[in-house]
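*Asks:* The structure follows.
The values are calculated or read from the model by the stated rules, or taken from the named source; none is laboratory data. For clarity, every value in this text was computed on a predicted model and none was experimentally measured. Here the Cβ positions follow ideal geometry from the backbone for every residue, glycine too, while neighbour counts run over all protein chains shown.
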Amino acid sequence: MRWYVSIGAVLVAGVLAGGDVAGVAAPSPKNQMNPPPGRLLADKEANASVDVELILAVDVSYSMDMDELAIQREGYAQAVVSKEFLQALKTGPHGKISVTYFEWAASSDQKIIIPWRVIDGPETADAVANEIMKTPIRRASRTSISGAINFAMPLFDENPYRGLRRVIDISGDGPNNNGAPVVVARDAAVEKGIVINGLPIMVKEPSYSTMDIDNLDFYYEDCVIGGPGSFVVTIKDRDKFKEAIRTKLLLEVAGRQPERWVVPAAAEATKEPRVNCLVGEKIWQDRWGR
């Protein structure tokens, strides 16, 4: 089964050229940290077999309705087979990436849908897309972004394909309310040289019943994403769901970030988060008393 999609020449040109893309931001000081000690770049280039090791970590908590879950699945499947994505693959020195896809909810609930695969052209992209779409959709309780990050980190060590970059791509529609504090997990990943990008889903009005918050995009920017060049692509319109997923994947594969969103570290070094990074835990405590 082949998925075809076009997001428009202007959008694609902007992504691949590092131009302006609406809904993308990267204001957190954590994003501009210098790479931590680790493998030297020369060693990475010598051992790398792919341009990026990309983990797609997808929220399936009960706050996501079935329509959102279906659109989310379709968005990732269509994105990896789009001609724009396949064109972006060619911009890297190896012309291929490795990817794994898992769904998450509570701190102890993660399910790998796609084990590590290489995408290097239409055939391998089709195989990944078909595997995403054939898996039954599920939902689960709680929201643990920290659990998703902690689950993702050791997956890089299991990946047989070494990349120049390591990226965790997290989508979700609410704040962390289970497991370790999200900033602890984020900082641990950044210390390992991993970049975390975010896709906050804000297509519904915040509801107490689903433990949503206002300014989820700020929460993701200040509490979730991290590492050099990390960014957020926000979804505020259900009709733009798939387009936002494609935009984010194009940026990640091409290793680009819209230049106007890059904030010098010195300017942001003392900035406090605009949203309490424990807001999800507080809402859960207020509602359930535990």
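*Asks:* Does ARG117 meet the test of being in a strand (DSSP E or B), in contact (Cβ under 8 Å) with a residue 24 or more places away in the chain and over 30 Å from ASP286 (Cβ atoms)? Please lay out each step first, then the result.
*Replies:* Details: in a strand (DSSP E or B): yes; in contact (Cβ under 8 Å) with a residue 24 or more places away in the chain: no; over 30 Å from ASP286 (Cβ atoms): yes.
No: the conditions fail for ARG117.
*Asks:* What residue, of ALA140, ALA129, is buried (at least 22 other Cβ atoms within 10 Å of the Cβ) and either in contact (Cβ under 8 Å) with a residue 12 or more places away in the chain or under 23 Å from VAL224 (Cβ atoms) (or both)? Before you say what the answer is, go through the steps one by one.
*Replies:* Values: ALA140 fails: buried (at least 22 other Cβ atoms within 10 Å of the Cβ).
Just a single option satisfies the conditions, and that option is ALA129.
*Asks:* Which ones in segment 120-149 are in contact with a strand residue (DSSP E or B) (Cβ under 7 Å, 6 or more places away or on another chain), of a type outside the set (A, V, I, L, M, F, W, C), outside any loop (DSSP other than H, G, I, E, B) and over 19 Å from PRO200 (Cβ atoms)?
*Replies:* THR124, GLU131
*Asks:* Taking into account only those residues within segment 162-195 that are charged (D, E, K, R) and over 24 Å from TRP288 (Cβ atoms), which is surrounded by the most Cβ atoms within 10 Å (Cβ to Cβ)?
*Replies:* Taking segment 162-195 first, the residues charged (D, E, K, R) are 162, 165-166, 169, 173, 186-187, 191-192.
Subset that is over 24 Å from TRP288 (Cβ atoms): 162, 165-166, 169, 186-187, 191-192.
On the way: ARG162: 17, ARG165: 22, ARG166: 24, ASP169: 24, ARG186: 27, ASP187: 15, GLU191: 14, LYS192: 14.
Here the answer is ARG186.
*Asks:* Can you name the condition, by its number, that LEU86 falls short on among (1) modelled with pLDDT of 80 or more; (2) under 27 Å from LYS192 (Cα atoms)?
*Replies:* (2)
*Asks:* I'd like to verify a number: residues in segment 261-290 that are assigned to a loop (DSSP other than H, G, I, E, B), exposed (fewer than 12 other Cβ atoms within 10 Å of the Cβ) and modelled with pLDDT under 75, how many? Break it down into steps so the answer makes sense when it comes.
*Replies:* Residues of segment 261-290 assigned to a loop (DSSP other than H, G, I, E, B): 262-264, 269-278, 289-290.
If we keep only those that are exposed (fewer than 12 other Cβ atoms within 10 Å of the Cβ) too, we end up with 264, 269-270, 272, 289-290.
Then keep just the ones that are modelled with pLDDT under 75; that gives 264, 269-270, 289-290.
Total satisfying the criteria: 5.
*Asks:* Which count do you get for residues in segment 219-235 that are surrounded by fewer than 24 Cβ atoms within 10 Å (Cβ to Cβ) and either within 13 Å of VAL167 (Cβ to Cβ) or in contact with a strand residue (DSSP E or B) (Cβ under 9 Å, 6 or more places away or on another chain) (or both)?
*Replies:* Residues of segment 219-235 that are surrounded by fewer than 24 Cβ atoms within 10 Å (Cβ to Cβ), as a first pass: 222, 228-229, 234.
If we keep only those that are either within 13 Å of VAL167 (Cβ to Cβ) or in contact with a strand residue (DSSP E or B) (Cβ under 9 Å, 6 or more places away or on another chain) (or both) too, we end up with 228-229, 234.
Matching residues across segment 219-235 total 3.
*Asks:* Checking ALA152 against (1) part of a helix (DSSP H, G or I); (2) of a type outside the set (Asp, Glu); (3) in contact with a strand residue (DSSP E or B) (Cβ under 8 Å, 6 or more places away or on another chain); (4) surrounded by fewer than 24 Cβ atoms within 10 Å (Cβ to Cβ), only one condition comes out false. Which one?
*Replies:* All conditions pass for ALA152, except number (4).
*Asks:* Turning to a different aspect of this structure: Consider THR100 carefully, then state whether it is assigned to a strand (DSSP E or B) and hydroxyl-bearing (Ser, Thr, Tyr).
*Replies:* Numbers: assigned to a strand (DSSP E or B): yes; hydroxyl-bearing (Ser, Thr, Tyr): yes.
Considered against the rule, which asks whether it is assigned to a strand (DSSP E or B) and hydroxyl-bearing (Ser, Thr, Tyr), THR100 comes out as yes.
*Asks:* I'd like to know if segment 100-114 contains one or more residues that are at pLDDT below 95, surrounded by 21 or more Cβ atoms within 10 Å (Cβ to Cβ) and among the charged types (D, E, K, R).
*Replies:* No, the conditions are met nowhere in segment 100-114.
*Asks:* If you don't mind, another one. So for segment 201-214 (the condition being part of a strand (DSSP E or B), of a type in the set (A, V, I, L, M), at pLDDT below 95 and within 16 Å of TRP104 (Cβ to Cβ)), does at least one residue qualify? So that I can check it myself, show each step before the final result.
*Replies:* In the first step, residues of segment 201-214 are kept if they are part of a strand (DSSP E or B); the result is 201.
Retained after the next criterion (residues that are of a type in the set (A, V, I, L, M)): 201.
With at pLDDT below 95 added as a condition, the list becomes 201.
Within this subset, residues satisfying the condition of being within 16 Å of TRP104 (Cβ to Cβ) are 201.
Yes, there is a match, as at least one residue in segment 201-214 is part of a strand (DSSP E or B), of a type in the set (A, V, I, L, M), at pLDDT below 95 and within 16 Å of TRP104 (Cβ to Cβ).
*Asks:* What single numbered condition from (1) at pLDDT 95 or above; (2) closer than 20 Å to GLN72 by Cα; (3) within 18 Å of the chain's Cα centre (by Cα) fails to hold for GLY174?
*Replies:* (1)
*Asks:* Select from segment 164-182 the residues that are outside any strand (DSSP E or B) and over 15 Å from PHE151 (Cα atoms) and list them in ascending order. Let's see the steps before the verdict.
*Replies:* From segment 164-182, those outside any strand (DSSP E or B) are 173-182; that's our starting set.
Residues satisfying the conditions are ASP173, GLY174, PRO175, ASN177.
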